[in-house]
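First the structure, in the form of structure tokens, and then the observations on it.
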Amino acid sequence: MKHVVIQSISSIILYVLMAFLFSSFLSDMSKTVIESDRFLVEFNLLPLLLLVVFGIVWTVYSFNTRPNKQLSFAQWSVRMTEFSEVDEREQIITAKATKAAYVSFGISVPILMGSFMFYPLFEETLPAYPIYALASTLIIATLVYMTTWIRGYRH
């Protein structure tokens, strides 16, 4: 259970850092200065640096604590690490949690799509809203997966 919780929280942190990176890039692009014949773009490296450092730490931790030690890095890196299926019970729990996350995704996406109808009204104050809306759908689905998995494991 601990592995699923840590991987899910790490995924949420990754989504937040990626949203921060893309919104920072969007903000910097809107401040682009055009001088005579040159096109100048300023970019804040802090979000990128945070994402790279977190990615390295997360990858090293996840690889060292992987349940199946026989997998090479190439085999391990293409698998979803949250899907814990060590025995038959965990396979059932994972299936239920995946279904719950899929249902939550199917509910949150149309709601957020509906909020885009009002986006022109607050576009100037929240220009990065679409980025955060997309990240929130991923975060919601991950939280639902994690909580469903924990409930199934404790039950």
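Observations on the model:
- Between segment 1-30 and segment 120-155, the C-alpha centres lie 11 angstrom from each other.
- The candidates 153, 129, arranged from most to least accessible area with a 1.4 Å probe in the full protein assembly, appear as 153, 129.
The values are calculated or read from the model by the stated rules, or taken from the named source; none is laboratory data. Just so it is clear, the structure is predicted and the values come from calculations on it, not from any experiment. Keep in mind that these areas ignore ligands, DNA and RNA; they rest on the heavy atoms of the full protein, side chains included. Shrake-Rupley method; radii C 1.70, N 1.55, O 1.52, S 1.80 Å.
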